[in-house]
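Reading through the structure tokens given below for one structure.
The values are calculated or read from the model by the stated rules, or taken from the named source; none is laboratory data. All values reported here derive from a predicted model rather than from experimental measurement. When we count neighbours, we look across all protein chains shown, and the Cβ atoms used for this are built from the backbone with ideal geometry, even at glycine.
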Amino acid sequence: MFGFVPRFLFRLSCGAIFLFAAQGASFAADSTPQPVAGDWSSDCLPEACALSLTLGATDEAGGGIEPDGKAVQITVEVNRKSRKVDLIILTVPPDADQGRGIITSFAKSVPYGDTFKTVADRETLLQLGFDNCEEDNCETYLKEGKVSLDKGATFDLKDNLFKQDVFLVGFYRGNTLVRQTTALSSFKRDYDALLAKMKTAH
């Protein structure tokens, strides 16, 4: 698999993972206009290909973009043989609050006058523990894009990337909530293009 995930086979989902409510209320608030879709980059190795999207982030007061423009990264690793998602990696800066981990949620885009409004799906609101923190970043690894919850329940984050319109991901820096949203239309487009590329490569 990809060399930039050296320990995922041994440390998958070892952080505390749970649904939460009050702490993430502002994170999953409805908003307008609709978030912009970014272009996902792709890279392939003999065993797997990966789609990745790097985003700047804004604080809860609508503050500025991170100086290096690389506050949050989403990586989706696809097995070349099965054509299925093997791993999703969520990456944030190393100064993220390790006790609070990464926060994710999804939303739908609905008509709102002459534009669109992002309506949060609060049933998808999650707080994920970190699996690895180093000098450069902190990461959460989700095998097959799934999250193990209490009492044997599972949340399929991967499926929501295809079914929902908007993905929200963020973290806390001190008491400041840092977050980013991206429209998922480009992910669906670029994922289909990657599968077609993998098919023609064989």
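Quick one: would you say residue 197 is surrounded by fewer than 18 Cβ atoms within 10 Å (Cβ to Cβ), free of Cβ contacts under 8 Å to residues at least 40 places away in the same chain, of a type outside the set (Phe, Trp, Tyr) and not in a strand (DSSP E or B)?
For residue 197, the condition - surrounded by fewer than 18 Cβ atoms within 10 Å (Cβ to Cβ), free of Cβ contacts under 8 Å to residues at least 40 places away in the same chain, of a type outside the set (Phe, Trp, Tyr) and not in a strand (DSSP E or B) - is not met.
Quick grid of which residues meet (1) of a type in the set (A, V, I, L, M, F, W, C); (2) more than 20 Å from residue 182 (Cα to Cα); (3) touching a residue at least 12 places away in the same chain (Cβ under 8 Å); (4) surrounded by 20 or more Cβ atoms within 10 Å (Cβ to Cβ):
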{"site": "72", "(1), (2), (3), (4)": "yes, no, yes, yes"}
{"site": "77", "(1), (2), (3), (4)": "no, no, yes, yes"}
{"site": "82", "(1), (2), (3), (4)": "no, yes, no, no"}
{"site": "88", "(1), (2), (3), (4)": "yes, no, yes, yes"}
{"site": "92", "(1), (2), (3), (4)": "yes, no, yes, yes"}
{"site": "95", "(1), (2), (3), (4)": "no, yes, yes, no"}
{"site": "114", "(1), (2), (3), (4)": "no, yes, no, no"}
{"site": "123", "(1), (2), (3), (4)": "no, no, no, no"}
{"site": "129", "(1), (2), (3), (4)": "no, yes, yes, no"}
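Restricted to region 78-137, and to residues that are among the small types (Gly, Ala, Ser) and outside any strand (DSSP E or B), which residue is farthest from residue 46 (Cα to Cα)?
Only one residue fits best here, namely 113.
Looking only at region 148-160, filter to residues that are in contact with a strand residue (DSSP E or B) (Cβ under 8 Å, 6 or more places away or on another chain) and over 26 Å from residue 110 (Cβ atoms); which one of those is surrounded by the fewest Cβ atoms within 10 Å (Cβ to Cβ)?
150
Counting just the residues of region 28-58 that are out of contact with any helix residue (DSSP H, G or I) (no Cβ under 8 Å at 6 or more places or on another chain) and among the aliphatic types (A, V, I, L, M), which one comes out modelled with the highest pLDDT?
Applying the filter and picking the extreme gives 50.
Take the residues in region 138-182 that are among the basic types (Lys, Arg) and in a strand (DSSP E or B); name whichever of them is farthest from the chain's Cα centre (by Cα).
Top of the filtered list is 173.
Out of the residues in region 69-84 meeting the condition of being in contact with a Phe, Trp or Tyr (Cβ under 9 Å, 6 or more places away or on another chain) and of a type outside the set (Asp, Glu), tell me which one is modelled with the lowest pLDDT.
Filtering region 69-84 for residues that are in contact with a Phe, Trp or Tyr (Cβ under 9 Å, 6 or more places away or on another chain) and of a type outside the set (Asp, Glu), the one modelled with the lowest pLDDT comes out as 71.
Do we have residue 176 as closer than 15 Å to residue 125 by Cα and among the hydroxyl-bearing types (Ser, Thr, Tyr) here?
Spelling it out, it is not the case that residue 176 is closer than 15 Å to residue 125 by Cα and among the hydroxyl-bearing types (Ser, Thr, Tyr).
Considering only region 161-189, state which residues are surrounded by 19 or more Cβ atoms within 10 Å (Cβ to Cβ) and closer than 16 Å to residue 52 by Cβ.
Those that are surrounded by 19 or more Cβ atoms within 10 Å (Cβ to Cβ) and closer than 16 Å to residue 52 by Cβ: 161, 167, 169, 180, 182, 184, 187.
Please name all residue pairs, on different chains or six or more residues apart, with Cβ atoms under 7 Å, provided the first residue is in region 172-188 and is free of Cβ contacts under 8 Å to residues at least 40 places away in the same chain and the second residue is not in a loop (DSSP other than H, G, I, E, B).
From region 172-188, the pairs are 188/162.
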